[in-house]
């Protein structure tokens, strides 16, 4: 049975019915409908953020400023006197606005807060060398820890397999939003996680049990990767296939090494194979400033409040200042420890550094623009600049003060959290 829906001056038929609209009136109706949909879509993506203080991390601090966002990007930024808010924009206000925070190295999304086998996907203990393990195959975009850090202003994470095996697997870059891994993923393969030191010894009850054995096994697999693909009839090898990307400098190794001995081993291997690395953890980096500076490699420094003991016994909260003075690029991270809840919040880790010789903006850089540069993402994230992703963190005071709350988080131009934390 046909049913008719009245549009002024016409007959509108749904599937299975008559649809009769005189040509001119139909065109006018469709044009009007298209315009209505276009306006509605743009309004949803049009937000103006007013901030009493805006730290752009692009070389300026703006007082009483405005950030216009549209279609997921930053459209304009500047003082209220020069940036007019167009009609139709939703207006959000905050005392302090910063770029969305970046966690330079984490395991959240793979390591869950329940600490049960079903949500612990960060370490596969069956073998010491598994570079073929993809982070995107284990990432849970709806993990509660992802939601938690998002509510505190963290918008981008570099996450993946934990530093608990010689080569534990791959890392990825994700936004802390999305209902599934595809929606969250920014870069599915960022680095290959390597550990030299205590964390990689006897993983899964297998060797390597000493630093020398770790170095030898790492060299062996890199030699094989260097030759991979030279024989046309060679069978496909997932381990060597991904490590060949390291040899070809398409991606770096993320090398977790804490002692000066293990840091030097990492630098030696990088030089030997002419590959790129990012030093991770680096508790004794302050003992090797000249060597790290000469290498040109950046550092993901251990969390400031990391537990000091064993191979991390010489870590120091003053290391960040020393790296800065030496001109060594570095960023902060939440890191990985085996106890619950498996993560930290980089906002709180960074706040500690204000008391150890760094200015507010220098500290903020360690979890925004500096992290973006080391991750090769500075064209999209890390600062508030026209054309970049509209990722913002909003606070009701100094972000590094413990009593301050995150009042809103924006990712890709959408307010994804308005819970006051």
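Residues that are in a strand (DSSP E or B) and either more than 22 Å from residue 367 (Cα to Cα) or not assigned by TED's automatic domain parsing to the domain that holds residue 217 (or both) within segment 180-201 comprise 194, 195, listed in sequence order. Here the helices (runs of 4 or more DSSP H) wholly within segment 253-345 that include at least 1 residues being in contact (Cβ under 8 Å) with a residue 40 or more places away in the chain and touching a strand residue (DSSP E or B) at 6+ places or on another chain (Cβ under 7 Å) are 260-273, 319-326. Here residue 277 qualifies as touching a helix residue (DSSP H, G or I) at 6+ places or on another chain (Cβ under 7 Å) and closer than 21 Å to residue 103 by Cα.
Among the residues of segment 28-44, are any under 30 Å from residue 145 (Cβ atoms) and modelled with pLDDT of 50 or more? Within segment 28-44, not a single residue is under 30 Å from residue 145 (Cβ atoms) and modelled with pLDDT of 50 or more. Selection of segment 143-163 for residues being surrounded by fewer than 21 Cβ atoms within 10 Å (Cβ to Cβ) and farther than 22 Å from residue 381 by Cβ yields only 144.
The set of residues in segment 197-220 being within 18 Å of residue 126 (Cα to Cα), crowded, with 18+ Cβ neighbours inside 10 Å and at pLDDT 95 or above consists of 214, 218.
Among the residues of segment 238-252, those that are farther than 21 Å from residue 331 by Cβ and touching a residue at least 12 places away in the same chain (Cβ under 8 Å) comprise 238, 239, 240, 241, 242, 243, 244, 245, 247.
The values are calculated or read from the model by the stated rules, or taken from the named source; none is laboratory data. All figures in this text were calculated on a predicted structure; none of them were measured in a lab. With ideal geometry, Cβ positions are generated from the backbone for all residues, glycine too; neighbour counts draw on all protein chains shown.
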